[in-house]
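Notes follow the structure.
The values are calculated or read from the model by the stated rules, or taken from the named source; none is laboratory data. Since this is a predicted model, take the numbers as computed values, not measurements. Ideal geometry is used to build each Cβ from the backbone, glycine not excepted, and the neighbour counts take in all protein chains shown.
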Amino acid sequence: MLEIGKKIGQRYKVIRLIGTGGMANVYLGHDLILDRDVAVKVLRFDFQNNTDALRRFQREALSATQLVHQNIVSVYDVDEENGLQYIVMEYVKGTDLKKYIENSGKVSPQNSIHIMNQVLSAMALAHQNRIIHRDIKPQNILIDEDNHVKVTDFGIAIALSDTSITQTNTLLGSVHYLSPEQARGGMATTKSDVYALGIVLYELLSGKVPFDGESAVSVALKHFQEEMPSIRKEHPEIPQSLENIILKATAKEPIDRYQTCEEMLADLDTALDPSRENEVAFIPASMLNETKVMQPITPPLKKEEMIPTEEKTPIYSSSSSENKKESSVNNQKKKKRGPLFLLFSFLFLAVFVISYMVWNNREPEPVMVPDIVNVNEDTAKRLLEQENLIVGEVFEEYDDTISETFTIRTEPAVGSSVPFQSEVDLFISLGKKPTTVESYLGESYSDVRDRLKELGFVVERLDRYDEQEEAGVIIGQSIEDGTDIVADGEMITLTVSMGKEAFTMADLKGYTKVSVQDYVDQYGLDVDFIEEASDEIAEGLVISQSISPQSNFTRGETITVTLSTGVAQAEYVLFSKTITIPYDAAIEKESSDKKESSSESNESNKDDANSAQSIPKSNHIVVSMQDADHQIDEIFREFDISKDQEITLNFRIIEGEKGAYQVERDGEIILEEKELTK
């Protein structure tokens, strides 16, 4: 990138970078000789040795210098310095049409027509000079503060006769504005530019492109596979006549589109006429052909379906003869020892029964309940069983001295003498009785603190600013309400409101809208922006504020900030004038008579002259107009007629001023009108 302050060609001083592109950077420069701002387009260093990039860069300079038009960016100088290729162009103070659409959301039909009129006028001249732009998009259309449009960036433009450039299978231009024939890899023509102009008109009116996708390839496919979406479905206020212009310009087949930019311009001029209110929707001629119904293809049989399935034969297994013999021997042994086993079992059972009856008839001695207070529950049960006592029911209750799961007491009590195998009930501690925490939100901190301390809590205070509650009111607690907890020494944190936080207001004069928004977001303020003109404060900067600097404010307040719109802009008036340009065949006849008298008189030449007079000749028409966007000494439209032709002129004048127009026919002013107003 170039250094700021560097001089190029000892004449152009670099002020700042204003844009970057695929192969060039654009800087704001100042012409030190003519004392004017210029745009300097410099080929990037990494493309200095790229022959294709150099050719494209030089082609842009050549194309632009051939086109002198009020709606095409002028080229002032083309040069090279130390291997650095650069173009010096007219600097347009404003923005490109893409950003203009983003800021506007969508553009009104009247203003869209005004903008497209200027673009079409520029492209008509380019096509007349046999130059195809090939990269028409809003980014390459500049618009200044007075709504004056200029087309730029002819970097990939080609001459219609240029056959040395290979275009097949190459996508040049922006994919969102690419014509179907270019997307298929075909040659670009003037009809390709017409298609892109139709997409630009769609984007102006709707605020978005008609086709979008995740990749460039998917978008390119949509251009020749999908129909153009109807703009009136989302925006029914747009007249059908205007949608028809989009549909005709973006027809899939080039033959269905406008043949020239002049034809599209003429159609656009009358789009809002009342006579076209009930216009039917445009249908391309190529879509009126009969649709053929394709027969479905029957899929072939699968290989598995052609081969029959074989039957499976089950497999059986048999037992060996050796296993049968072994089983027979074991059965004979079991039969021999069966009676002896039954005799010994009967004798053992008789001895056991006699012994049990003797032991059971013995008188047991009483036992003492062991001391199992403050003993773990499992240990207490084991100690009772060791003393031949039975554990009865187990009860649980809270106790402030005995730990949880330990025995509080027994029933009968510890030390009591009880019969052998008596039941003893256990009372097991649940620990200290818990306190159910309540919700203390909205209560006074001092009152709640005293209550919690009496319950045994340790109370911690945490102060915080709050926009809703007054100072001293509880706005949060560390233990949720409904929680059961033993209060003995347990800490609970209470968050207490300090009221609204107060801040000191800064002086916002000189802030931009973005800076103001960042400031109010930081302090939780609501902001209302208003605008007014100012001769002293630059556009976009703060003029005044409703909360004075150095005064106090709190979150949630509303501040009103007044932004400057710069010097008051003039109000514009829009109106149209329809005129009929008369055709004059006598002009050509008179010209033919003069040629006949000056030529050598022979009979054959006279016959040729008479036949030439019978062929109608065209009149060459030049139209000029005077308004906020045009000067009367500049050509607005130039064309030929062979019959009377009606055209509509759209004027945009500053309120209080007048418009004018002038029509020349073959060099002679035939129509002229001044002092025009709405």
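Counting only residues that are free of Cβ contacts under 8 Å to residues at least 60 places away in the same chain and under 16 Å from residue 200 (Cβ atoms), which one in region 222-243 is surrounded by the fewest Cβ atoms within 10 Å (Cβ to Cβ)?
Here the answer is 229.
Kindly indicate whether any position in region 170-191 is more than 27 Å from the chain's Cα centre (by Cα), polar (S, T, N, Q) and at pLDDT below 85.
Yes.
For residues that are under 17 Å from residue 558 (Cβ atoms) and free of Cβ contacts under 8 Å to residues at least 24 places away in the same chain, scanning just region 519-545, find the one that is nearest to the chain's Cα centre (by Cα).
Within region 519-545, the match that is nearest to the chain's Cα centre (by Cα) is 521.
I'd like to check something: does region 46-55 contain any residue that is in contact (Cβ under 8 Å) with a residue 60 or more places away in the chain, exposed (fewer than 15 other Cβ atoms within 10 Å of the Cβ), part of a helix (DSSP H, G or I) and polar (S, T, N, Q)?
No, region 46-55 has no match at all.
Please go through region 1-14 and give me each residue that is surrounded by 11 or more Cβ atoms within 10 Å (Cβ to Cβ) and part of a loop (DSSP other than H, G, I, E, B), ordered by number.
Answer for region 1-14, where residues must be surrounded by 11 or more Cβ atoms within 10 Å (Cβ to Cβ) and part of a loop (DSSP other than H, G, I, E, B): 1, 2, 4, 6, 9, 11.
Which of the residues spanning region 464-492 are of a type in the set (Val, Ile, Thr) and in contact (Cβ under 8 Å) with a residue 40 or more places away in the chain?
Once the filter is applied, which keeps residues that are of a type in the set (Val, Ile, Thr) and in contact (Cβ under 8 Å) with a residue 40 or more places away in the chain, region 464-492 yields 479, 483, 485, 486, 492.
How many of the residues in region 360-401 are in contact with a Phe, Trp or Tyr (Cβ under 9 Å, 6 or more places away or on another chain) and within 16 Å of residue 431 (Cα to Cα)?
Of the residues in region 360-401, 10 are in contact with a Phe, Trp or Tyr (Cβ under 9 Å, 6 or more places away or on another chain) and within 16 Å of residue 431 (Cα to Cα).
List the number of the failed condition for residue 219; all other conditions in (1) outside any helix (DSSP H, G or I); (2) surrounded by 16 or more Cβ atoms within 10 Å (Cβ to Cβ); (3) of a type outside the set (S, T, N, Q) hold.
(1)
Residues checked against (1) of a type in the set (A, V, I, L, M); (2) not assigned by TED's automatic domain parsing to the domain that holds residue 493:
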site	(1), (2)
417	no, yes
420	no, yes
423	no, yes
445	no, no
448	yes, no
451	no, no
457	no, no
462	yes, no
465	no, no
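Regarding residue 382, is this residue farther than 30 Å from residue 484 by Cα and basic (Lys, Arg)?
So residue 382 fits the description; yes.
Only one of these is of a type in the set (A, V, I, L, M, F, W, C) and loosely packed, with under 14 Cβ neighbours inside 10 Å: 498, 491. Name it.
Answer to the check: 491.
When the residues of region 80-121 are narrowed to those that are more than 32 Å from the chain's Cα centre (by Cα) and surrounded by 17 or more Cβ atoms within 10 Å (Cβ to Cβ), which ends up farthest from residue 638 (Cα to Cα)?
Selected residue: 85.
What's the total number of residues in region 482-505 that are in contact with a helix residue (DSSP H, G or I) (Cβ under 8 Å, 6 or more places away or on another chain) and of a type in the set (Val, Ile, Thr)?
Final tally of qualifying residues: 2.
Residues checked against (1) under 18 Å from residue 109 (Cα atoms); (2) in contact with a Phe, Trp or Tyr (Cβ under 8 Å, 6 or more places away or on another chain):
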| site | (1), (2) |
| --- | --- |
| 183 | no, yes |
| 190 | no, no |
| 203 | yes, no |
| 216 | no, no |
| 261 | no, no |
| 270 | yes, no |
| 280 | no, no |
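Which members of region 15-37 meet the condition of being in contact with a Leu (Cβ under 8 Å, 6 or more places away or on another chain) and assigned to a loop (DSSP other than H, G, I, E, B)?
Of everything in region 15-37, just one residue is in contact with a Leu (Cβ under 8 Å, 6 or more places away or on another chain) and assigned to a loop (DSSP other than H, G, I, E, B), namely 23.
Given the conditions (1) without any contact (Cβ under 8 Å) to a residue 24 or more places away in the chain; (2) outside the structural domain of residue 121 (by TED's automatic domain parsing), which single one is not true for residue 103?
It fails just one condition, (2).
Pull up region 449-475, narrow it to residues that are closer than 12 Å to residue 495 by Cα and β-branched (Val, Ile, Thr), then point me to the one that is nearest to the chain's Cα centre (by Cα).
Among them, the one singled out is 475.
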